[in-house]
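S.K.: Below you'll find the structure I mean.
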Amino acid sequence: EKGTYPHFMLKEIDEQPLVIRKIVQEYRNEQDQIKLDTDIRQAMLDTDRVYIIAAGTSYHAGLVGKQMIEKLANVPVEVHVASEFSYNMPLLSEKPLFIFISQSGETADSRSVLVQVKKMGHPALTVTNVPGSTLSRESDYTLHLHAGPEIAVASTKAYTAQISVLAILAVDTARAKGIELDFDPLQELAIVSSAMETLCDQKEEIEKIASDFLETTRNAFFIGRGIDYYVSQEGALKLKEISYIQAEGFAGGELKHGTIALIEDGTPVFALATQENVNYSIRANVQEVVARGANACIISMEGLDQENDTFVVPKVHELLAPLVSVVPMQLIAYYAALHRDCDVDKPRNLAKSVTVE
Ligand code: F6R
């Protein structure tokens, strides 16, 4: 139940620090090492290419997962939208491993792919919040998100749980391959959890951002580079699905190839700056839109922040930055929807789990 919360979405945003702690507990053994099913470990060692299949927010988590698995474990990863993969399967590698990411475990588009790849005899792992779900039952292995029931249609804590579990999987694979890492995901996730708590205590400040940037606008843009680009797509999805403001996430460098034509006086542009290697170039993109009149909101990470940034999130490991930068995005979407009197938990035309193709 909602308890004292006005909406499930707000409650579920606030639950994120606890969910991350729970995941750390569940995936840690007595020696403080990662605890993971040895069959899953073996499947990651045996594959020559991982295919992540998902929809919506889970797809966005998959994009972050790709970066982590490739950068940490050195295994190639492709991420596909389930409904596209289903009708237009790409050429597969010799030993593919399929990872289905699904909060509900019931998404029909993802299931359709699962049925096809099982017929072809390929191994499948489902990362889900519902262990007894269809996708979990029909795949070879399951990784549980431990996020607790997610009721609001807009997915929040499942997204951060998915990224956390994928980080653990990536590091486990790296270690199994003998790759030396200076990255202890369990420790880093504990830092993330505290950072999320700090962010959840900054609701007034974030609500003011929603008022300052989104009160009357018809559209909004989200930009980022690298991992920040993936989070900008998630930020845009959150905003559009609950506030009905037209929103799109773009790669910072791609703007000038067309989209910048849409920037007018006062157009809100949310820019994420949490990655050191692109901190300079994303800020150059911000200058480009500001020069055309955009109302730019820069959300940066401590250590990379500059004077006049709108909001600064606490520092965490770069690969885990989405876990903290998404929190202000979720809250901005929440308050924008609230200010427009939208039905936050049950937006129009949407169902919590999409069981039709
Ligand atoms: C967005 C949202 C949807 C789901 C998508 C996949 O907030 O909730 O985009 O992420 O329908 O659902 P699952 O993860 O249950 O397969």
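Read-outs: derived from the displayed coordinates by stated rules, not from any lab. Keep in mind the model is a prediction, meaning the values are calculated, not measured. So basically every Cβ, Gly included, is an ideal-geometry build from the backbone, and we count neighbours across all protein chains shown.
S.K.: Please specify each residue of the range 91-120 satisfying the condition of being among the β-branched types (Val, Ile, Thr), over 20 Å from VAL19 (Cβ atoms) and within 11 Å of the ligand (Cβ to nearest atom).
M.R.: THR107
S.K.: Could I ask something else about it? From the list LYS208, LYS203, LYS177, LYS157, exactly one residue is closer than 26 Å to VAL286 by Cα and in contact (Cβ under 8 Å) with a residue 40 or more places away in the chain. Which is it?
M.R.: Values: LYS208 fails: in contact (Cβ under 8 Å) with a residue 40 or more places away in the chain; LYS177 fails: closer than 26 Å to VAL286 by Cα; LYS157 fails: closer than 26 Å to VAL286 by Cα.
None of the others qualify; the one that does is LYS203.
S.K.: Can you tell me which condition THR173 does not meet? The list is (1) within 21 Å of ASP32 (Cβ to Cβ); (2) of a type in the set (S, T, N, Q); (3) within 12 Å of the ligand (Cβ to nearest atom), and all the others hold.
M.R.: Unmet for THR173, out of (1) within 21 Å of ASP32 (Cβ to Cβ); (2) of a type in the set (S, T, N, Q); (3) within 12 Å of the ligand (Cβ to nearest atom): (3).
S.K.: Touching a residue at least 40 places away in the same chain (Cβ under 8 Å), under 20 Å from ALA158 (Cα atoms), assigned to a strand (DSSP E or B) and under 22 Å from the mean Cα position of the chain (by Cα) - does that describe any residue in the range 74-84?
M.R.: So the first thing to find is which residues in the range 74-84 are touching a residue at least 40 places away in the same chain (Cβ under 8 Å), and the list is 74-75, 83.
Among the residues that remain, those that are also under 20 Å from ALA158 (Cα atoms) are: none.
Taking every residue of the range 74-84 in turn, none turns out to be touching a residue at least 40 places away in the same chain (Cβ under 8 Å), under 20 Å from ALA158 (Cα atoms), assigned to a strand (DSSP E or B) and under 22 Å from the mean Cα position of the chain (by Cα).
S.K.: Counting just the residues of the range 272-297 that are more than 18 Å from the chain's Cα centre (by Cα), of a type in the set (Gly, Ala, Ser) and not in a helix (DSSP H, G or I), which one comes out nearest to GLY224 (Cα to Cα)?
M.R.: The initial filter retains those residues of the range 272-297 that are more than 18 Å from the chain's Cα centre (by Cα), namely 276-297.
With of a type in the set (Gly, Ala, Ser) added as a condition, the list becomes 281, 284, 291, 293-294, 296.
If we keep only those that are not in a helix (DSSP H, G or I) too, we end up with 291, 293-294, 296.
Details: ALA291: 18, GLY293: 19, ALA294: 15, ALA296: 13 Å.
Looking at residues that are more than 18 Å from the chain's Cα centre (by Cα), of a type in the set (Gly, Ala, Ser) and not in a helix (DSSP H, G or I), I get ALA296.
S.K.: For the range 1-19, what are the residues that are part of a helix (DSSP H, G or I) and closer than 14 Å to CYS200 by Cα? Spell out how you get there, then give the answer.
M.R.: Filtering the range 1-19 for residues part of a helix (DSSP H, G or I) gives 8-14, 16-19.
Residues satisfying the conditions are MET9, LEU10, LYS11, GLU12, ILE13, ASP14, GLN16, PRO17, LEU18, VAL19.
S.K.: Pairs needed: first member in the range 53-64, among the aromatic types (Phe, Trp, Tyr); second member anywhere, assigned to a helix (DSSP H, G or I) and crowded, with 24+ Cβ neighbours inside 10 Å; C-beta distance under 9 Å; at least 6 residues apart or different chains.
M.R.: Listed pairs, sorted by first residue: TYR59/ALA82.
S.K.: Quick one: in the range 304-335, which of the residues that are touching a residue at least 12 places away in the same chain (Cβ under 8 Å) and over 20 Å from the mean Cα position of the chain (by Cα) is farthest from ALA161 (Cα to Cα)? Lay out the reasoning, then the answer.
M.R.: Initial filter on the range 304-335 (touching a residue at least 12 places away in the same chain (Cβ under 8 Å)): 304-306, 309-335.
After this cut, where a residue has to be over 20 Å from the mean Cα position of the chain (by Cα) as well, the list is 304-306, 309-310.
On the way: LEU304: 25, ASP305: 26, GLN306: 30, ASP309: 28, THR310: 27 Å.
This residue is GLN306.
S.K.: Here is a further query. Of the residues in the range 230-262, how many are β-branched (Val, Ile, Thr), touching a strand residue (DSSP E or B) at 6+ places or on another chain (Cβ under 7 Å) and within 16 Å of the ligand (Cβ to nearest atom)? Give the derivation first.
M.R.: Going through the range 230-262, the residues β-branched (Val, Ile, Thr) turn out to be 231, 242, 245, 259-260.
From the residues that got through so far, the ones that are touching a strand residue (DSSP E or B) at 6+ places or on another chain (Cβ under 7 Å) too are 231, 245, 259.
Adding the requirement that they be within 16 Å of the ligand (Cβ to nearest atom) leaves 231, 245.
Within the range 230-262, residues that are β-branched (Val, Ile, Thr), touching a strand residue (DSSP E or B) at 6+ places or on another chain (Cβ under 7 Å) and within 16 Å of the ligand (Cβ to nearest atom) number 2.
S.K.: So which helices (runs of 4 or more DSSP H) stay within the range 144-243 end to end and still have 3 or more residues that are under 28 Å from THR107 (Cβ atoms)?
M.R.: Details: elements: 157-176, 185-200, 203-214, 227-243.
Those helices (runs of 4 or more DSSP H) span 157-176, 185-200, 227-243.
S.K.: Has the range 111-126 got at least one residue that is touching a Lys or Arg at 6+ places or on another chain (Cβ under 8 Å), assigned to a strand (DSSP E or B) and of a type in the set (Gly, Ala, Ser)? Walk me through it before giving the result.
M.R.: The first filter runs over the range 111-126 and keeps only residues touching a Lys or Arg at 6+ places or on another chain (Cβ under 8 Å), leaving 124.
Add one more test, that the residue is assigned to a strand (DSSP E or B), and what stays is 124.
Narrowing the set further to residues that are of a type in the set (Gly, Ala, Ser) leaves 124.
The answer is yes, given that some residue of the range 111-126 is touching a Lys or Arg at 6+ places or on another chain (Cβ under 8 Å), assigned to a strand (DSSP E or B) and of a type in the set (Gly, Ala, Ser).
S.K.: Quick one: in the range 298-357, which of the residues that are of a type in the set (S, T, N, Q) and part of a helix (DSSP H, G or I) is farthest from ALA190 (Cα to Cα)? Before you say what the answer is, go through the steps one by one.
M.R.: Here is the first cut: in the range 298-357, the residues of a type in the set (S, T, N, Q) are 300, 306, 308, 310, 325, 330, 349, 353, 355.
Still in the running and part of a helix (DSSP H, G or I): 325, 330.
On the way: SER325: 16, GLN330: 21 Å.
My answer is GLN330.
S.K.: Which of the residues belonging to the range 212-244 are over 21 Å from GLN275 (Cβ atoms) and of a type in the set (Val, Ile, Thr)?
M.R.: We begin by selecting, within the range 212-244, every residue over 21 Å from GLN275 (Cβ atoms); these are 212-220, 239-244.
Scanning the range 212-244 gives THR216, THR217, ILE242.
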